[in-house]
1. Answer rounded, prolate or oblate for the range 31-76, using the Cα gyration tensor with square roots of eigenvalues a ≥ b ≥ c: rounded when a/c is under 1.5, else prolate when a/b is larger than b/c, else oblate.
2. Please identify every one of the trypsin sites (Lys or Arg not before Pro) in the range 34-88 that sits in a loop by DSSP and has no more than 11 other beta carbons within 10 Å of its own beta carbon.
3. Please give the contour-minus-distance gain from LYS44 to PHE85: 0.36 nm per residue of separation, less the Cα-Cα distance, rounded to one decimal in nm.
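We did not get these values from a lab; they are worked out from the coordinates using the rules stated. Everything numeric here is computed off the predicted structure, so don't read it as measured data. Glycine also receives a Cβ, built like all others from the backbone with ideal geometry; neighbour counts cover every protein chain displayed.
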Amino acid sequence: MHSTPDQGASLNRFLSCWLWLAVAGVLLSPCAVTARGDLGADEKAAVELFERSRDSVVYITTKAQVMDFWTRNVFSVPRGTGSGFIWDGDGHVVTNYHVICDAIHDPTGIISPD
């Protein structure tokens, strides 16, 4: 039984893929992990800062309502995402302008708390 040129090319691709995976498996074998020492003072300060402030960090998603040209259906699409933090007891949030700029300039923009 003779193979066609297409079968030969497929077999060559198959074998080269297997060879590549075998070489990658040897080269990418797991490395030994050694325990590191205690954290430095600056790292401990960063961890402490994170622990104190993490409850005030928020995830922000802005959406806008758009209309499909053909069906005239209106639906929400994501406009921007980012993070911010709660500034005061009234719930004011500080974030970067690029996160909410489309929602501010687009009267149909919605700033969503979820």
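1. oblate
2. Here the sparse-neighbourhood loop sites are ARG36, ARG72.
3. 12.6 nm
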